[in-house]
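One structure below.
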Amino acid sequence: MSESYDVIVIGGGPAGYPAAIRAGQHGLKVACIDEWKNYDGTHAFGGTCLNAGCIPSKALLESTELYHRAKEEFAIHGIKLGSVAFDVAAMQKRKAGIVKSSTQGILALFKAAKVTPLAGHGKLLPDRRVEFTALDGKVQVLEAKHVVLASGSQPIELKSAPFDGKQIVDSWGALEFAEVPKRLGVIGAGVIGLELGSVWRRLGAEVVVLEAMDTFLAIADQQLAKEAQKHFRKQGLDIKLGARVSGAKVENGAVTVSYTDAKGQQSLVVDRLVVAVGRRPHTAGLLAEGTGVELDERGFVKVDDECRTAVPNVWAVGDCVRGPMLAHKGKEEGVMVADLVAGHHSEVNYRTIPSVIYTAPEIAWVGQTEEQVKASGRPYKVGSFPFMASGRARAMEAGQGFAKVVAAQDDDEILGVHIIGPMAGELIAEAVLAMEYSASTEDLQRTIHAHPTLSEALHEAALAADKIAIDFPNK
Ligand code: FAD
Ligand code: NAD
């Protein structure tokens with residue numbers, strides 16, 4: 001007799017493991033199957049986010065930002081350090097330690113929620129049966145009342161610059177460099193290009209970023225994008241827009257990248273090339289013939305707003321379905337599905353998913369950009385407040401950037417908040433909460449913010465929307 005579960009989750013990343021934990025919290029019998037393998041061949045739960053994405057990238061961003069500040073800013077505070085040096089091996093070791101404890105932590109969370117972890121490959125068969133191939137090759141067919149597909153995504157490979165794992169690498173490879181490349185090329189000025197470009201630039205690499213689009217950070221509010229571009233240029237990230245890569249040749253330990261831009265055919269020689277042009281859903285080997293689960297034209301598992309696939313009681317969440325590829329989006333979907341499976345009401349508010357780019361200054365937003373609101377035709381107002389007018393930001397030597405609120409003219413509802421500046425990724429949480437409750441700028445205006453804090457910038461931006469800011473002249 002095959003083992004039977006209430007819920008089997010395939011994929012133990014930030015979408016799959018929260019689905020399993022919440023289902024366990026509901027008292028359901030749950031298994032979570034995951035096949036992730038690290039470079040050293042060891043298995044770990046946590047998916048891309050914990051092993052090769054959010055967590056290791058933030059660990060390196062923190063270390064390199066501290067180094068940069070020690071070198072450039074400590075003297076301004078009157079702190080004399082003498083010479084400041086870095087040790088890439090020590091940074092990588094710290095990062096690996098954080099990753100390991102985080103991924104092992106998932107097993108402890110599974111234990112607490114009575115989730116059975118199954119290390120190996122999962123394949124959905126017809127009738128909600130799942131073929132599980134353990135790491136030792138042993139195959140078992142399991143049965144489930146509900147199956148949640150959470151198989152995640154993989155980096156997109158360019159035909160013109162295929163990965164070789166040494167000179168031409170994906171984002172995971174770029175997180176593992178044992179030394180600082182003298183010349184680093186990055187294809188794609190998206191979130192990964194900017195974060196990882198910053199990491200290696202801060203340690204002294206000459207970084208050139210080739211971006212196909214003519215517009216920088218086209219997904220962001222353009223006032224925010226322009227401010228960001230100014231800072232990245234100042235930091236020495238050489239971002240070339242409208243650059244279309246046609247080839248990359250590895251020779252004598254260097255990569256020659258050919259591309260065309262407005263000036264015609266160009267070439268660039270670098271020691272390492274990172275290709276970060278987006279990610280695609282990972283569904284290879286996930287679905288047997290005849291399951292009835294449908295994929296769309298881009299390979300995403302087709303789901304409705306509640307993450308139901310075309311097959312009853314088969315659900316899909318996270319990067320393998322439509323929507324932004326963000327860990328917290330996947331987590332909310334995983335939790336929602338587990339709640340729905342257990343018969344509880346649940347939903348994801350897709351209008352309030354925040355985006356954060358963990359550069360310096362940090363960039364964060366939620367809701368609509370000013371361009372989107374303008375295009376919608378709805379009359380709107382904008383309030384913004386520069387961090388250089390924030391006492392706390394100035395005390396921190398972090399007076400770059402601004403907070404911006406876009407709100408409806410008619411009923412004052414906040415439609416979008418865009419922040420570039422210190423701790424923007426933390427500050428945006430207030431805006432997300434405000435928008436979750438359909439707050440107006442008046443609600444933010446009447447909310448008391450401690451002084452001196454960075455959060456006052458959002459308060460003042462809300463006041464500025466009605467031209468009643470106190471700490472900055474109203475325009
Ligand atoms: P994944 O994390 O990809 O997990 C899927 C898991 O399923 C994997 O372990 C995979 O091995 C396993 N799997 C797949 N198929 C099978 C199968 N058939 N059987 C068994 N197991 C299977 N997002 C943020 O929100 N914030 C960030 O700061 C951030 N930083 C990032 C930095 C980098 C460098 C990268 C690459 C991504 C980053 N992301 C970030 C994106 C984030 O990592 C993803 O959105 C998130 O990991 C998606 O979660 P998921 O669970 O859907 O998929
Ligand atoms: P992205 O979509 O953010 O950026 C890819 C960039 O590459 C775009 O600007 C695109 O125009 C450009 N591009 C595409 N094809 C190109 C080509 N042939 N030549 C030059 N440029 C090209 O994707 P990413 O940076 O690879 O990140 C992948 C996913 O991971 C994203 O969905 C992102 O949300 C997620 N992620 C999130 C975070 C975070 O939340 N802080 C960090 C890293 C990654």
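The values are calculated or read from the model by the stated rules, or taken from the named source; none is laboratory data. Since the model is a prediction, treat every value here as computed from it, not as a measurement. Note: ideal-geometry Cβ built from the backbone for every residue, glycine included; neighbour counts use all protein chains shown. Side chains are part of the model used for accessible areas, which takes the heavy atoms of the whole protein and leaves out ligands, DNA and RNA. Shrake-Rupley method; radii C 1.70, N 1.55, O 1.52, S 1.80 Å.
For this structure, a couple of remarks:
- Paramagnetic reach from ALA395 in region 454-471 [backbone N under 11 Å; point 7 Å along Cα→Cβ]: 454
- Distance from region 299-367 to region 151-178 (C-alpha centre basis), Å: 25 Å
- Binned Cα-Cα distance frequencies in region 353-395 - 10 Å width, integer %: 20, 39, 33, 8, 0
- Per residue accessible area of region 353-464, 1.4 Å probe, in Å²: 41 Å²
- For the chain, the share of accessible area belonging to carbon and sulfur comes to 52 percent (1.4 Å probe, ligands and nucleic acids excluded).
- Based on alpha carbons, the Rg and Dmax found for region 174-221 are 11.3, 36 Å.
- For region 33-172, the fraction of alpha-carbon pairs in successive 10 Å shells from zero, as %: 9, 27, 29, 19, 10, 4, 1
- Shape category assigned to region 94-251 from the gyration tensor of Cα positions, a/c cut at 1.5: prolate
- Annotation: extensible slack from ASP410 through GLU73 equals 116.8 nm (criterion: 0.36 nm per residue apart, minus Cα-Cα distance).
- Qualifying GluC sites (Glu not before Pro) in region 345-449, where qualification requires a DSSP coil assignment and no more than 11 other C-beta atoms within 10 Å, comprise GLU347.
- Per residue, the average separation of C-alpha pairs within less than 8 Å and at least 6 apart gives region 269-345 a relative contact order of 21 percent.
- Using only the C-alpha atoms, the convex hull of region 210-257 corresponds to 78 Å³ per residue.
- Every helix of 4 or more DSSP H residues in the chain counts as -39500 (n - 2.57), and over all residues that averages to -9500 deg cm²/dmol at 222 nm.
- Summarised in one figure, the compactness ratio Rg/Rh of region 342-475, Cα atoms and Kirkwood Rh, is 0.99.
- DSSP beta bridges confined to region 168-277 are antiparallel in about 50 percent of cases.
- Along region 224-230 the Karplus relation, 6.51 cos²θ - 1.76 cosθ + 1.60 evaluated at θ = phi - 60°, assigns HN-Hα couplings of 5, 4, 5, 5, 4, 4, 4 Hz to successive residues, with x for each Gly and Pro.
- Cross-link pairs beyond the 24 Å C-alpha cut-off, checked among LYS331/LYS381; LYS166/LYS249; LYS37/LYS240; LYS182/LYS240; LYS71/LYS95; LYS226/LYS475: LYS331/LYS381; LYS37/LYS240
- Probe 1.4 Å, accessible area per residue of region 176-320, Å²: 45 Å²
- Histogrammed with a bin width of 5 Å, the alpha carbon distances of region 168-277 distribute as 2, 13, 25, 25, 20, 11, 3, 1, 0 percent, first bin at zero.
- Model label sites at LYS37 and LEU109, defined 7 Å from Cα along the beta-carbon direction, differ in position by 2.5 nm.
- Partner lysines whose Cα lies under 17 Å from the Cα of LYS329, excluding those fewer than 8 positions away in the same chain, are identified as LYS302.
- Beta bridges from DSSP with both residues in the chain: antiparallel share about 60 percent, rounded to the nearest 5.
- Rolling a 1.4 Å probe over the heavy atoms of the protein chains gives region 24-67 an accessible area of 39 Å² per residue.
- Counting only the Cα atoms, region 256-343 fills a convex hull of 164 Å³ per residue.
- Structural size metrics of the chain, computed from C-alpha coordinates, are Rg and Dmax of 23.7, 74 Å.
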